[in-house]
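The structure appears below as structure tokens.
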Amino acid sequence: MKLDSTRILSVARYVYDEENYVRNHSHNFYHVLVVTGGCGLLTVNGEKREACCDDVHFIPPGVCHEIASDPVMPLRTLEWKFYTADAGLEAALRCIPFCFNARGSGMKPALERMVEEAIAGKTLFKEMITVRSIELLLGLIRIYEAAGEKNKRLSPPGLPETDIEGAEGDYPAAIAAYIEARYTEPLTLTGLANTFHSSVTRLCGSFRKSYGLSPIQYVNELRLKQVKELLVATDWSVTEIAERVGFGSVHYLSRFFSRRERLSPLEYRQRAKRARHITVEDRYRIVDHRIETD
């Protein structure tokens, strides 16, 4: 398998507000969409599916599909387009179903990291996106090849639960789940310790051991992620976003955001909205849903 024959065309965090209907078409490259919000309908190979949050639509070359977005609640997606001339990889990718849930696949956080790399334009970001793309593809192939004998393509296998899903009685996972459900509310270490009948020291130590972050750092990571989504998906002011997400003070949000992203929230919004689909591989251009080489 020659990995250098695989090229990443573009990545995107997209909102189907202006373009709320994409006619039935096919590509000569792979097009992957992860639904992150909004409402809509996706038709792949003639099968219609309601757009559900965290669904992954993995569309190979030659497969017809169309997208209809709700004009009131526009469909929001993470998108990834890539091309491969490697016959071995093409054959291996056939085990991946056209639609599956992102949980446990690593797809959603991987695409989010790739989009962040592209928006920020960091040093060697194209190379980083390519490396992460290959790693993600190989991981998906392993998941579905392992389950293929029992499930086959028409019945996608259940993916293993990862991230913050823990076994019953898993103390750090219970804290994480509680935080995820309430991160827009005021949360303090003392309050969390009282809720879980623990000392602050035990709570922080246990949580950091499992997640590599303190509970408050975890809160802020969730808030930051939501801020980025709202900056792109809405026209709300930074002040309104700060209040809705739980940062409270727009000044605190701006300082925190700028320190982490090296951009102000408004600069991030302008850069992200200016380039919805961010080109990674410059040698190709897409014309009428097909790639052409220069």
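What residue, of 162, 195, 201, 184, is surrounded by fewer than 14 Cβ atoms within 10 Å (Cβ to Cβ) and at pLDDT 90 or above?
Unique residue meeting the criteria: 201.
Return yes or no: is residue 221 crowded, with 16+ Cβ neighbours inside 10 Å, acidic (Asp, Glu) and within 26 Å of residue 123 (Cα to Cα)?
no
Would you confirm, using the coordinates I've provided, whether residue 256 is buried (at least 18 other Cβ atoms within 10 Å of the Cβ), over 20 Å from the mean Cα position of the chain (by Cα) and not in a helix (DSSP H, G or I)?
no
Where residues in the stretch 36-75 are in contact with a helix residue (DSSP H, G or I) (Cβ under 9 Å, 6 or more places away or on another chain) and small (Gly, Ala, Ser), which of them is nearest to residue 93 (Cα to Cα)?
So the residue we want is 37.
Could you say which residue among 24, 45 is touching a Phe, Trp or Tyr at 6+ places or on another chain (Cβ under 9 Å) and farther than 20 Å from residue 232 by Cβ?
The conditions single out 45.
Find the residue count for the stretch 213-253, including only residues that are free of Cβ contacts under 8 Å to residues at least 40 places away in the same chain and under 11 Å from residue 172 (Cβ atoms).
1
For every residue, the table says whether it meets (1) at pLDDT below 85; (2) surrounded by fewer than 19 Cβ atoms within 10 Å (Cβ to Cβ); (3) assigned by TED's automatic domain parsing to the domain that holds residue 87.
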{"site": "2", "(1), (2), (3)": "yes, yes, no"}
{"site": "11", "(1), (2), (3)": "no, no, yes"}
{"site": "15", "(1), (2), (3)": "yes, no, yes"}
{"site": "19", "(1), (2), (3)": "yes, yes, yes"}
{"site": "24", "(1), (2), (3)": "no, yes, yes"}
{"site": "33", "(1), (2), (3)": "no, no, yes"}
{"site": "37", "(1), (2), (3)": "no, yes, yes"}
{"site": "40", "(1), (2), (3)": "no, no, yes"}
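Do the conditions hold for residue 120, that is, is it in contact (Cβ under 8 Å) with a residue 60 or more places away in the chain, closer than 23 Å to residue 272 by Cα and surrounded by fewer than 18 Cβ atoms within 10 Å (Cβ to Cβ)?
Yes: the conditions hold for residue 120.
The values are calculated or read from the model by the stated rules, or taken from the named source; none is laboratory data. The shown structure was predicted, so the numbers you read here are calculated from the model rather than taken from an experiment. Using ideal geometry, Cβ is built from the backbone for each residue, glycine included, and neighbour counts are taken over all protein chains shown.
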